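A short reminder: the numbers here are calculations on the coordinates, not readings from a lab. These numbers were taken from a predicted model, which means no experiment stands behind them. Neighbour counts run over all protein chains shown; Cβ positions are idealised from the backbone, glycine included.
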There are 2 protein chains.
Amino acid sequence: MVRTIDQEARRREIVDAVWRILERGGLEDASVRKVAAEAGLATGSVRHFFGTQAELHAFALRSLSERVGERVRRAAAEPDVRTRVVAMLTELMPLRDDTTRELRIWLEFVHRSRFDENLAAIVAEQAAEVRRFLTHVVTGLGELGHLCPTADHDEVAAGLNAFVDGLTFELLTAPALLTRERAFALLESFVFGHHMRNAAE
Amino acid sequence: MVRTIDQEARRREIVDAVWRILERGGLEDASVRKVAAEAGLATGSVRHFFGTQAELHAFALRSLSERVGERVRRAAAEPDVRTRVVAMLTELMPLRDDTTRELRIWLEFVHRSRFDENLAAIVAEQAAEVRRFLTHVVTGLGELGHLCPTADHDEVAAGLNAFVDGLTFELLTAPALLTRERAFALLESFVFGHHMRNAAE
DNA sequence: GTCAATCTAGCACACCTGTGCTGGTTTGCC
DNA sequence: GGCAAACCAGCACAGGTGTGCTAGATTGAC
C-alpha cells in the first residue's frame, strides 16, 4: 500500500478549496473545475478523491459541521455556567471572523438543501443536533434561576433557536441592519433577561 | 401605437412563470429558456420584454415586494390595535400557504443577493423598509402598555426583527423543527409577553 | 531494480447557459 | 387597403458544466 496518510490531507486541501470558493462566490461557483483550480490540481485529481460533485459537496458540509462541533465542545469546557452558556451560543453565531466564515459557508448548504435531498438529510440532522444542544442550554439556564419554573423547556428552546437563527441570518444577509455588538447585546438580553417564560403563562 | 395595455399583462405572465419556477427549483433554475417554456413562449419573446436575465430577475423581485406591501397595507386597516399588530406581522411570515409561497421566493432572492450587487441593493431597501415598519409596530405596542417605559424602541424593534426573521427562516429551511402553529404561538408570546424590555435594563 | 497500487493530468462528449441577431407575424392607426 | 410599429420565434455563437475515460507519473514494498 502506498500513502494512506496523505490521502486525508489531500481531501482536506480540496475541502479547503471548496470552502474558499463558497465564501467568495457561493455554491454555484463550486464546480469541479473551479475547485480543482483553487486547489492547484487538475479536475481528474479531484475526481480521484471525490467520484462525483455531489459527494464532494456532501463531504465539505460534513467536514464543516465537524469543525463547528469541535469548537462548541471546546467552549463547553468553560467552568462558569453563565460564561459557558454565552460562549457556546457565540460559537453558533457569526460574531467573530472565524465563525462568520463558517456560517457563511453553512448558509450556502442550508439554502441548497431546499432543493437537494442528499444535502437536506445532512442539514436536517445538524439542525436537530443544534436544537438538542439548545435544549441542554435551556436546562442549564433553569438551574441558574433565569427561567420561570413553570416554563416549558422545549418551548423556550424553540424560541431561543429562532432568535439565534434570526440574528445569524440577519448578520449574514443584512449587515446594514445589525452589528455584531448589537447582536451580542440582544442575545444576552434575550437569554438573561426575563424573556424565557412559558408561552402558556 | 399598438397594444400598450397587454404589455403589462404579458410581463406579469412572465413574472408569474418566474415565480413558479423559483418556488419549484430555486433561482438557479430560472434560466431564460425555462422561464419561456413555463410561460409558453419562445426565448426571443421573453427577451423582447426583458432585455437581460438580470433585468427579469430584478423585475420579479420588485413585483414580489409590491405584492407583499399591498397585503401588509390591507392588514393595517384592522381597527383593533392588538389584532392589527398580529395581522401585520403575520403577513411577513410563512404562516399561510400564500405567504409561504411568497417568502420561499423571497428567500431565493435574498440568498442570491449575497453575491449580486444589483439584487443586493433592492433587498437591502426592502429590509430597511421592514425594519421601519417594525419600529412602527413597536411604538404601537408601547401605547398598548406592552413595553417597559424605559425601553429603547430601536433595540426592541431589532429584537423583534431578529425573532420574526428567525421563525421565518426556520419555517422555510427546517420545517421539522417548527410548525406554523408553534411559530405563531412563539410570536404572540414574544410580542405580548414580558419580552420587550430594554437590553440595558 | 521491479512491479503494482496509487495518484495526477487532461481530453472528449453531451448538455445547458446568456445573449446577439435575423427573419416572420400580428396589430392597430391612417 | 397600406404601413410601420410592436411582437413572436428561433437559430447561432461562445462559453461553462458534470463526468467517462485513457495515459502517464509517482510511490513504497519486495
Using a label position 7 Å from Cα in the Cα→Cβ direction, what is the ascending list of nm distances from B:ALA121 to the same site in the other copies?
4.4
Rh (Kirkwood, all Cα-Cα pairs) for the range B:78-167, Å, reads 14.3
Sorted from largest down, what three extents in whole angstroms do the Cα atoms of chain A have along their principal axes?
60, 41, 30
Return the Cα extents of the protein assembly as shown along principal axes one, two and three, sorted largest first, each rounded to a whole Å.
77, 59, 30
So for R0 = 60 Å, FRET eff. of A:LEU144-B:ARG33 from the Cβ-Cβ r, to 0.05, ends up at 0.55
Report, in deg cm²/dmol and to the nearest 500, the calculated mean residue ellipticity at 222 nm for chain A, where each DSSP H run with n ≥ 4 adds -39500 (n - 2.57) and the sum is divided by the residue count.
-24500 deg cm²/dmol
Compute the angle between helix A:117-144 and the longest alpha-carbon principal axis of chain A, please, reported from 0 to 90 degrees and rounded to the nearest 10.
30
What nm distances, shortest first, do you get from the label point of B:SER45 to those in the other copies when the point sits 7 angstrom along Cα to Cβ?
5.0
Shortest first and in nm, the label-point separations between B:GLU13 and its counterparts in the other identical copies (7 Å out along Cα→Cβ) come to 5.6
Inside 10 Å of the C-beta atoms of B:114-121, what's the mean count of C-beta atoms belonging to other chains?
2
Rounded to whole angstrom, how close does the nearest chain B beta-carbon get to the axis mapping B onto A, and which residue is it?
B:GLY166, 1
Relative to chain A, whose Cα atoms define the longest principal axis, helix A:81-91 and its Cα axis are tilted in degrees, nearest 10, by 40
Which residue fluctuates most in the GNM of chain A (Cα springs below 10 Å): A:HIS48, A:HIS57, A:HIS111?
A:HIS48
Among B:69-82, B:97-110, B:23-36, how do they line up from the highest to the lowest mean number of other beta-carbon atoms within 10 Å?
B:97-110, B:23-36, B:69-82
At R0 = 51 Å, how high is the FRET efficiency between B:ARG132 and A:THR52 if r is their beta carbon distance? Nearest 0.05 is fine.
0.60
